[in-house]
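Below: the structure, in structure tokens.
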Amino acid sequence: MIEERRTIQRHVLLMVCLWLLVYVAALFSPPLMDDADATHANAARNILVTHDFVTLRVNGIRYLEKAPLPYWLAAMSFKLFGVNAFAVHLPQALAVLGLALLAYRWAWRGWGSQTGLYAGLAILTSIGVFLFTRIFIPEVLLSLFLAAALYCVQRALQVRDSRRMYAAYVLLALAVLTKGLIAIVFLAGTVVPYLLLTGEGRRWRELRLLSGGLLFLVIAAPWHVLAGLRNTDAYQGHGFFWFYFVNEHFLRFLGRRIPHDYNKLPGGWFWALHLLWLFPWSLFLPAALVAAWKHAGNLRGFSKTETRKTVLLLSLFAGLVLVFFSISTNQEYYTFPAYLPLAVLLTAGLTTAEQSERVQGWITGAHAALAVLGTAIAVTLFVGLWQSRHLPYVPDIGALLAHRGVGGYTLSMSHFFDLTTASFAALRLPAALAALTFTIGPAVAWLLRRRQQAVGSTVAVAVTSALFLVAAHIALVRFSPMLSSAALASDFQQAEAKGSIEPDSQLMLYGDQAYGSSLPFYTASVLPLVEGRSTSMWFGSTFHDAPPIFLSNTDLLAEWGNGRRKVLFVPEERRGDVDRLLGSREVILAELSGKALITDRALLH
């Protein structure tokens, strides 16, 4: 028992160290990005300023499409650490650590501490977990609350502990306050078939449906009721209840949400991309599947009844999430809640495979695949570095990218298709680090595997992925001039401070606020939007007390050059429209990655 406790302590220490390396070091930079990142940060900042915990607002407009808990947490983080990117992303980083520790505990109970270690490492070093926690979205919190609720349900049934069952209802309420009714769908849609398939439906009274349901409502209902009472009579007489429950839940699922601003991944890509989101651990999927198929009946892990039930519960959970979003409109990160169950199942299969000589070849094949992929990635990066060796370093990487418009930039991964060879001039450091990592890491992992050092080999895979994610973060920082308008917000403030423009100049934004949502965040101001009554601003703009921040092209032309100095932020996507509209009446104040600040009169000096 003492030795096992020490083993667990070593495993947890290793996971915490990797978490510090990958996630905590990434909290301080880059600045908040435009679109969802800064939009959601603006909602949290409004809570801090107004102390209104019921009605979210962005740029002064009601923002009713999201559940409030992530914004409450960010507002509290602002209170503790100041209004900055670190405070915005700290709750998400802590949620990743919580998710890894939960995966460790769940896998440890089913298969032992070694599987627990593998599962925790998989959460911490999978590409998808890292990539989709770079922006302020609720998926990681939802995943933590939902997975913890399911774990509590399973444990409550195993040990007949009503306290754990009530904890599940608390966690479900928090999940609903994080993402909405979908949390109920995923929990009930997993637990009900689980009980039926395990023959435990007769134990339904242990679910504490009445008392647990009342506890759930005490936590989850007040905000929904208050939000409904305080937000009425908007579009066609609708209020919060229609917009949040009907429009944002049911119509979004059916692809009929108003306004229609979401894409759906093609079916093949939807499924295949999960091999990328779970990389490098997805390389062990064939070995895990073969091990489960050949040895499910006689290996220690799969011979236990409770372990079989764990496999069933996790499979139902992951399958429901994946199937649900394969039908619904989706973004790449919507299936985030499936990552934990998939990681636990995959790593359980890996440890099972390690116990059987008949499956060793499949593990060797996974390492061979990682070595081949690593070599290919390293060679590609070295070629790019060599070709760009004489090119000067350009801080504004946006000037070096193509603009292919894949997915109309409504998919979160669209900008990755804009990379060009010239961009290596701005990515030398992260490219070199990634190239060296993939040159050395897979070889070390393979060597350790050949020496029968299974744990060491798996840790080497995790460290390889962690170092690659560090390189990816450095690259993301280099991309920040393109992805964020924080630098332009600083240019505007410096121009006021230096006297280039008047201190009371009116900053405005052309198009949807998502184009430059970091501007109102970093300038701490409400910006008029020209032709921007769209997407997340649309429904809030239909309330009778919405501030008059929405201007048309006609309004802009009438005000341009009159009264207070106007400074207009123009996103690259709308630059041509503005040039045609204003012509010679625009004066450039600052430009960055195709975005510009233009003003309506000559600079003072």
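Just a few scattered comments:
- All of G516, G511, G583 fail the test of being in contact with a Pro (Cβ under 9 Å, 6 or more places away or on another chain) and on the phi > 0 side of the Ramachandran plot, apart from G511.
- Conditions (1) at pLDDT 90 or above; (2) closer than 30 Å to G365 by Cα; (3) of a type in the set (G, A, S): number failed by G297: (1)
- Flag if R205 is surrounded by fewer than 16 Cβ atoms within 10 Å (Cβ to Cβ), of a type in the set (D, E, K, R) and more than 19 Å from M165 (Cα to Cα): no
Table: residues versus (1) closer than 30 Å to S315 by Cβ; (2) modelled with pLDDT of 95 or more.
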residue	(1), (2)
A44	no, yes
W72	no, yes
A95	yes, yes
G112	yes, no
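- Only one of the listed residues (T599, T535, T542) is hydroxyl-bearing (S, T, Y), touching a residue at least 40 places away in the same chain (Cβ under 8 Å) and farther than 29 Å from A234 by Cβ. That residue is T599.
- In the range 483-577, counting only helices (runs of 4 or more DSSP H) that sit wholly within it, the ones holding 2 or more residues that are among the polar types (S, T, N, Q) and either farther than 30 Å from W242 by Cα or at pLDDT 90 or above (or both) span 486-498, 518-523, 553-559.
- Residue within the range 489-499 that is under 19 Å from F28 (Cα atoms) and crowded, with 22+ Cβ neighbours inside 10 Å present: yes
- If you go through the range 167-184 and pick out every residue that is on the phi > 0 side of the Ramachandran plot and more than 20 Å from the chain's Cα centre (by Cα), you end up with 0.
- Yes/no for L48 being at pLDDT below 95 and part of a helix (DSSP H, G or I): yes
- From the list V526, V530, V477, the lone residue that is touching a residue at least 12 places away in the same chain (Cβ under 8 Å) and not assigned by TED's automatic domain parsing to the domain that holds R564 is V477.
- Residues being hydroxyl-bearing (S, T, Y), crowded, with 21+ Cβ neighbours inside 10 Å and closer than 19 Å to P341 by Cβ - total across the range 146-201: 4
Table: residues versus (1) of a type in the set (S, T, N, Q); (2) surrounded by 17 or more Cβ atoms within 10 Å (Cβ to Cβ); (3) out of contact with any Asp or Glu (no Cβ under 8 Å at 6 or more places or on another chain); (4) not in a helix (DSSP H, G or I).
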position: A221; (1), (2), (3), (4): no, no, yes, no
position: L226; (1), (2), (3), (4): no, no, yes, no
position: L229; (1), (2), (3), (4): no, no, yes, no
position: F243; (1), (2), (3), (4): no, yes, no, no
position: R256; (1), (2), (3), (4): no, no, yes, yes
position: P259; (1), (2), (3), (4): no, no, yes, yes
position: A288; (1), (2), (3), (4): no, yes, yes, no
position: A291; (1), (2), (3), (4): no, yes, yes, no
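- Of all residues in the range 261-274 being surrounded by 14 or more Cβ atoms within 10 Å (Cβ to Cβ) and of a type in the set (A, V, I, L, M), the one that is nearest to I327 (Cα to Cα): L265
- Single match in L597, L592 (criterion: under 19 Å from A514 (Cα atoms) and modelled with pLDDT under 90): L592
- Hits in the range 527-566 - residues which are surrounded by 14 or more Cβ atoms within 10 Å (Cβ to Cβ), of a type in the set (S, T, N, Q) and on the phi < 0 side of the Ramachandran plot: S534, S536, S541, T542, N553
- Filter result (within 13 Å of the chain's Cα centre (by Cα), assigned to a helix (DSSP H, G or I) and under 22 Å from L370 (Cα atoms)) within the range 90-149: I127, G128, V129, F130, L131
- Filtering the range 453-469 for residues that are part of a loop (DSSP other than H, G, I, E, B) and closer than 30 Å to G374 by Cα leaves a non-empty set.
- Looking only at the range 348-361, residues that are part of a helix (DSSP H, G or I) and either surrounded by fewer than 20 Cβ atoms within 10 Å (Cβ to Cβ) or modelled with pLDDT of 95 or more (or both) come to 4 in all.
- Test: L316 is more than 20 Å from R252 (Cα to Cα) and modelled with pLDDT of 90 or more: yes
- Residues that are within 16 Å of L150 (Cβ to Cβ) and out of contact with any Phe, Trp or Tyr (no Cβ under 7 Å at 6 or more places or on another chain) within the range 204-232 comprise E206, L207, listed in sequence order.
The values are calculated or read from the model by the stated rules, or taken from the named source; none is laboratory data. Everything numeric here is computed off the predicted structure, so don't read it as measured data. A quick note on method: Cβ atoms are made from the backbone with ideal geometry, for glycine too, and the neighbour counts reach across all protein chains shown.
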